[in-house]
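The values are calculated or read from the model by the stated rules, or taken from the named source; none is laboratory data. Note that this is a predicted model, so its numbers are computed, not measured. Positions of Cβ are generated from backbone atoms using ideal geometry, with glycine treated the same way; all protein chains shown enter the neighbour counts.
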Amino acid sequence: LASDERRLELALLGFGHVGRRFALLLDERRDDLRRAFRVDPRVVAICTSKHGSIYNRQGIDLRDAVARRSSGQSFGSHETPADLIARLESSAAPVRVVMEATTLSVSDAQPAIAHIEMALDSGCHAVTVNKGPVAFAFRRLHQFASDKGLSFLFEGAVMDGVPIFNLVRETLPSVKVTGFRGIVNTTTQHVLMALEAGEPFAAALERMQAEGIAEADPALDLQGWDAAAKAAALANVLLDADLTPHTVAREGLGPGTAAAVQRAFAAGRRLRLVISGSRGSGGAHASVRLTGLEPTDILATLASTANALILTTDLLDEIAICQMRGNVTQTAYALFSDLVTVCRRAGAGG
Ligand SMILES: NC(=O)c1ccc[n+]([C@@H]2O[C@H](COP(=O)([O-])OP(=O)(O)OC[C@H]3O[C@@H](n4cnc5c(N)ncnc54)[C@H](OP(=O)(O)O)[C@@H]3O)[C@@H](O)[C@H]2O)c1
């Protein structure tokens with residue numbers, strides 16, 4: 001620790017694909033944070049569900065931790081997220097951050113919401129890549145964080161590290177977002193385009209599973225739940241809504257989809273799973289719909305690996321942002337970019 005550096009302590013809740021990639025990214029880019037913000041970032045706690053946990057107040061050797069988990073080993077301790085957050089609370093580090101990267105629950109977003117509440121209650125900033133908390137409880141968590149003078153950030157909830165929430169918050173001051181539409185689920189995009197090319201449904205889905213793109217339970221993608229969670233998250237943050245994935249009008253893929261794709265194609269349209277949201281007189285609403293797009297629609301021109309979101313605004317008309325190909329490094333970068341925001345807000349150097 002250089003004499004003018006401030007200690008930045010991190011706890012990682014969840015050490016799966018995203019948690020591990022974030023750990024390596026932090027290791028690779030820690031000097032960027034040191035130079036820009038005069039902080040010394042150390043991961044002091046890592047927690048999993050079935051593979052134990054670690055706490056090391058001096059900072060965990062992240063490469064070693066990743067190597068151990070990737071080779072199937074468990075960590076020795078069984079401290080829970082609550083135990084580890086309590087350790088962070090009692091530390092003297094001036095900046096403490098809980099990074100939430102546990103599995104999505106579309107029924108109630110727990111225990112991720114509880115993790116974020118515990119973090120904020122303990123004086124830690126909360127950063128999540130899990131879309132559940134922002135899709136189910138944005139208004140409450142945002143208020144709680146602001147009452148405590150802490151940050152609650154979630155850039156990875158939609159389109160990984162491609163800036164959506166940061167774009168609006170940091171670069172569009174005073175611009176009002178009035179609506180959005182987009183394609184934000186890669187598995188269904190890939191399956192629909194494969195069906196359009198005459199491939200069987202099962203083969204396309206298997207490819208998405210083999211590439212690790214489909215959710216662990218692919219029904220979350222196919223039934224539109226992942227897209228509904230993203231639509232709720234976008235509506236809650238950008239349109240001041242108070243939705244959950246259960247109050248988003250939702251449609252998914254089913255046994256009739258292959259024929260519907262072919263019918264749309266024969267009629268000159270492209271059937272895609274499109275999310276949309278808008279402000280209305282009775283409040284904001286959002287939907288996930290199988291939609292027949294005109295071939296010139298920018299959403300119809302996307303490749304099977306691409307996602308895109310179009311924001312409708314009061315001052316800048318429509319803004320489109322596209323992610324050509326997502327991967328886990330981009331998701332990990334979402335956590336990293338939120339960490340940069342915490343550092344900037346904490347006035348740490350700069
Ligand atoms: N993968 C992606 O490309 C991607 C993209 C965008 C967003 N996300 C979101 O990022 C999050 C993590 O995804 P992932 O792909 O890393 O998932 P993953 O590989 O399944 O890892 C999940 C991690 O969370 C741990 N965990 C689950 N429940 C927990 C609990 N109650 N307490 C503590 N730890 C718990 C698991 O423990 P065990 O190791 O013991 O199982 C595992 O380490 C999810 O919310 C996902 O929706 C992922």
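Out of the residues in the stretch 219-241 that are within 12 Å of the ligand (Cβ to nearest atom) and of a type outside the set (Phe, Trp, Tyr), which is surrounded by the most Cβ atoms within 10 Å (Cβ to Cβ)? Spell out the reasoning first.
Initial filter on the stretch 219-241 (within 12 Å of the ligand (Cβ to nearest atom)): 220-221, 225-226, 229-230, 233.
Subsequent filtering for residues that are of a type outside the set (Phe, Trp, Tyr) retains 220-221, 226, 229-230, 233.
On the way: Leu220: 22, Asp221: 26, Asp226: 28, Ala229: 31, Lys230: 27, Ala233: 27.
Among them, the one singled out is Ala229.
Condition check ((1) surrounded by 15 or more Cβ atoms within 10 Å (Cβ to Cβ); (2) within 24 Å of the chain's Cα centre (by Cα); (3) modelled with pLDDT of 95 or more) across all residues:
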site	(1), (2), (3)
Lys50	no, yes, yes
Ser53	yes, yes, yes
Ile60	yes, no, yes
Arg68	yes, no, yes
Arg87	yes, no, yes
Thr103	no, yes, no
Ala112	yes, yes, yes
Cys124	yes, yes, yes
Thr128	yes, yes, yes
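On the stretch given as the stretch 297-324, residues that are modelled with pLDDT of 95 or more, in a loop (DSSP other than H, G, I, E, B) and within 20 Å of Ala227 (Cβ to Cβ) total 5. The set of residues in the stretch 59-118 being in contact with a strand residue (DSSP E or B) (Cβ under 7 Å, 6 or more places away or on another chain) and among the acidic types (Asp, Glu) consists of Glu79, Glu100.
For the stretch 122-142, a tally of residues being within 15 Å of the ligand (Cβ to nearest atom), among the hydrophobic types (A, V, I, L, M, F, W, C) and in a helix (DSSP H, G or I) returns 4. Taking Leu316 as the residue in question, decide whether it is within 26 Å of Leu239 (Cα to Cα), in contact (Cβ under 8 Å) with a residue 12 or more places away in the chain and surrounded by fewer than 18 Cβ atoms within 10 Å (Cβ to Cβ). When the stated conditions are applied, Leu316 passes them. Filtering the stretch 134-191 to residues that are surrounded by fewer than 15 Cβ atoms within 10 Å (Cβ to Cβ), in contact with a Pro (Cβ under 9 Å, 6 or more places away or on another chain) and not hydroxyl-bearing (Ser, Thr, Tyr) leaves only Glu170. Taking the stretch 181-193 as the range and being within 17 Å of the chain's Cα centre (by Cα), of a type in the set (Val, Ile, Thr) and more than 13 Å from the ligand (Cβ to nearest atom) as the test, only Ile183 passes.
Output the residues belonging to the stretch 163-180 that are assigned to a loop (DSSP other than H, G, I, E, B) and over 12 Å from the mean Cα position of the chain (by Cα). Before the answer, list the steps.
If we filter the stretch 163-180 for residues that are assigned to a loop (DSSP other than H, G, I, E, B), which is where we start, we get 163-164, 172-176.
If the condition is that a residue be assigned to a loop (DSSP other than H, G, I, E, B) and over 12 Å from the mean Cα position of the chain (by Cα), then Leu172, Pro173, Ser174, Val175, Lys176 are the ones that fit.
Number of residues in the stretch 324-339 that are surrounded by fewer than 22 Cβ atoms within 10 Å (Cβ to Cβ) and in contact with a strand residue (DSSP E or B) (Cβ under 7 Å, 6 or more places away or on another chain): the value is 1. Select from the stretch 263-296 the residues that are in a loop (DSSP other than H, G, I, E, B) and without any contact (Cβ under 8 Å) to a residue 12 or more places away in the chain and write down the one among them that is surrounded by the fewest Cβ atoms within 10 Å (Cβ to Cβ). Checked the stretch 263-296; the qualifying residue surrounded by the fewest Cβ atoms within 10 Å (Cβ to Cβ) is Ser281. Looking across the stretch 194-218, the residues that are away from the ligand (no atom under 14 Å from the Cβ), in a helix (DSSP H, G or I) and closer than 18 Å to Arg272 by Cα come down to Ala194, Leu195, Glu196, Phe201, Ala202, Ala204, Leu205. Only one of the listed residues (Phe37, Phe15) is under 24 Å from Gln73 (Cα atoms), of a type in the set (Phe, Trp, Tyr) and surrounded by 15 or more Cβ atoms within 10 Å (Cβ to Cβ). That residue is Phe15. If we scan the stretch 144-162, do we find a residue that is more than 15 Å from the ligand (Cβ to nearest atom) and either within 30 Å of Arg325 (Cβ to Cβ) or assigned to a strand (DSSP E or B) (or both)? Within the stretch 144-162, one or more residues are more than 15 Å from the ligand (Cβ to nearest atom) and either within 30 Å of Arg325 (Cβ to Cβ) or assigned to a strand (DSSP E or B) (or both).
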